[in-house]
């Protein structure tokens, strides 16, 4: 949205619900020294996307068009943007993405590797491959901006939330768009609140959206402030969140988390000795987004069923989701559908960002299966109108329907969307939710934190494919641990040159850094959505670092306020 400028600071972007009331109450509490006012500042470092496959593109500019083989999160959208940029007819541009070795938000646009490959191929008339080195990937490919966030929470004498304010400054280099404070507006009911986002523009490389953009730094600040408030009120941290939070899906997760052995058997009271164990909790939410134009084509080819769409598998398992959705809908044996994705020449498929791939493509696949059943009944009346199709009947029907093609659509939500469709993106009704409980062991001599166990409760409605969904949620814990303990882009303060430009200086978690993780899915609350489920890739990462920070505070009695939790900071803080 538009915002004003003061020097190199843009903002504020403000959201307010009885904002003047919130500010008046907070200022009065500060003047009175109210012990139920928590007002602290929290910072996070710049986190790099670090996909193991760097940005890479092969471009072939032919006389009749352009072929691109790219590592992209949006096959169809990339073809649209390339055609517009180089003034080509859309049907003359073909983008192919067989597999993507990670992206996390860094591979959505016409990036430098793509522009260079296309221009060089146009000049030479030959295929050209451009691939980032690891140093280029860690410098030029985007990042999650560092933040400095001030949170103020005020509780009334009954322990209810009386006022909240969040002010956050994002350091996105040569870019704007921080939403850290904005996301805090959606947490903890309707108490008076004011949230403000600022962008601090510098000469460093530009940021990009990264898995749950704005979410992890928001949770790092807000969830630690909530934990501090629980301490001042003498209340169980989960019980306080349960009182403050009216979201029914998260309330179900709080109740489940409180019954876990990890929470019930946590240590209590001050801890001593070199190695100290602590358990922390954090809550989070995320917007429900989807692509209204999502399509899936089912084709009978060579006596078998082929599912096609111009979407891509970022590692989230959309191939599995499409195959399992069709087979379950038709009652087919496993392996009864071949999936072909990653080609912009197919019917429109949504991009893999905003946690919207599965809630967009899954319902379209189900609709395609229903349309196919209807079409097959015209070729073979023995195909049932509902329920599983006998294997022999199916073979006969497919043999008689060679070349048959149907296209399924995503369909509308029962109560419509919150926003109009905009470039195949809409905001749906309802928020997904998560609650993370993290156990750590703190070595107070060396300042090291070792996460040992994590319980991840996710409320995203119906789970299409449990195995791939668990994979996403476990990977989110890994990424959240990296954000909390290791990842920190460093730069020369005079020149802006990036110093952490390899995976020795910029550390990400290894196998020994990852906790044993249990994932629990709460599968209610999105019955108004086609398919009954929404995305979980982003909500599953938002609260991880905050839960780890609260666990460190529980173990040591010292409240960390800066990320990452480096050994020097921990030792200094404890002492």
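Every read-out reported here was derived from the displayed coordinates using simple, explicitly stated rules and does not represent laboratory data. Just so we're clear, the structure is a prediction, and the values are computed from it rather than from any experiment. Please note: Cβ atoms are built from the backbone with ideal geometry, for glycine as well, and neighbour counts cover all protein chains shown.
Give me the Kirkwood hydrodynamic radius of the stretch 374-521 in Å, from all C-alpha pairs, to one decimal place?
Working: mean 1/r = 0.0472 Å⁻¹.
Across the stretch 374-521, the inverse of the average 1/r is 21.2 Å.
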Subject >> the stretch 387-454 - convex hull of alpha carbons, volume per residue in Å³ >> reply: 325
**OP:** Averaging over all projection directions, find the projected area of the Cα convex hull of the chain and quote it in nm² with one decimal place.
**Re:** 28.7
Original post:
What relative contact order, as a whole-number percentage, does the chain give when Cα pairs under 8 Å and 6 or more residues apart are counted?
Top reply: 17
**OP:** Give me the Debye-computed log₁₀ of I(q)/I(0) at q = 0.10, 0.19, 0.24, 0.25 Å⁻¹ for the stretch 84-180, equal point scatterers on Cα only, no solvent, two decimals.
**Re:** -0.51, -1.09, -1.34, -1.38
Subject >> Simple label model, 7 Å out from Cα along Cβ direction - residue 382 to residue 418, nm >> reply: 5.1
**OP:** Could you pull the Rg and Dmax for the stretch 56-134, using just the Cα atoms, both in Å?
**Re:** 11.5, 35
**OP:** Take the Cα atoms of the stretch 290-343, find their three principal axes, and give me the spread along each one in whole Å, biggest first.
**Re:** 29, 21, 19
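Kindly provide the helix-only [θ] at 222 nm of the chain, computed as the sum of -39,500 (n - 2.57) over DSSP H runs of four or more divided by all residues, to the nearest 500 deg cm²/dmol? Could the numbers behind the result be given before it?
Working: 16 runs with 184 residues, N = 575.
Result for the chain: -10000 deg cm²/dmol, rounded to the nearest 500.
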Subject >> Cα extents of the stretch 314-456 along the three principal axes, largest first (Å) >> reply: 74, 38, 30
**OP:** Mind pulling up the Rg/Rh value for the stretch 178-233? Radius of gyration and Kirkwood radius, both on Cα.
**Re:** 1.05
**OP:** Compute the FRET efficiency between residue 345 and residue 202 as 1/(1 + (r/R0)^6), taking r as their Cβ-Cβ distance and R0 = 51 Å, and round to the nearest 0.05.
**Re:** 0.75
Subject >> Principal axis box of the stretch 246-360, alpha-carbon based, largest edge first, Å >> reply: 69, 32, 30
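Please work out the ratio of the alpha-carbon Rg of the stretch 29-95 to 2.2 N^0.38 Å and round it to two decimals. Spell out each step's value before the answer.
Numbers: Rg = 24.2 Å, N = 67, 2.2 N^0.38 = 10.9 Å.
For the stretch 29-95, the normalised Cα radius of gyration comes out at 2.23.
Given R₀ = 45 Å, FRET efficiency for residue 32-residue 574 by Cβ-Cβ distance, to 0.05?
Details: r = 31 Å, r/R0 = 0.70.
Calculated transfer efficiency: 0.90.
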**OP:** Apply 1/(1 + (r/R0)^6) to the Cβ-Cβ distance of residue 450 and residue 133, taking R0 = 22 Å, and write down the FRET efficiency to the nearest 0.05.
**Re:** 0.10
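Pairs of alpha-carbon atoms within less than 8 angstrom and 6+ residues apart define the contacts here; what relative contact order does the stretch 56-134 have, in percent? Numbers along the way, then the final one.
Details: 132 pairs, mean separation 33.5, N = 79.
Here the relative contact order equals 42 percent.
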Original post:
What is the list of residues in the stretch 174-192 whose amide nitrogen lies under 14 Å from a point 7 angstrom out from the Cα of residue 16, following Cα to Cβ?
Top reply: 192
**OP:** Can you grab the distance from the C-alpha centre of the stretch 367-390 to the C-alpha centre of the stretch 253-314, Å, no decimals?
**Re:** 34
Original post:
By how many nm would the segment from residue 399 to residue 3 grow when fully extended, if each residue of separation counts as 0.36 nm and the alpha-carbon distance is taken off?
Top reply: 136.4 nm
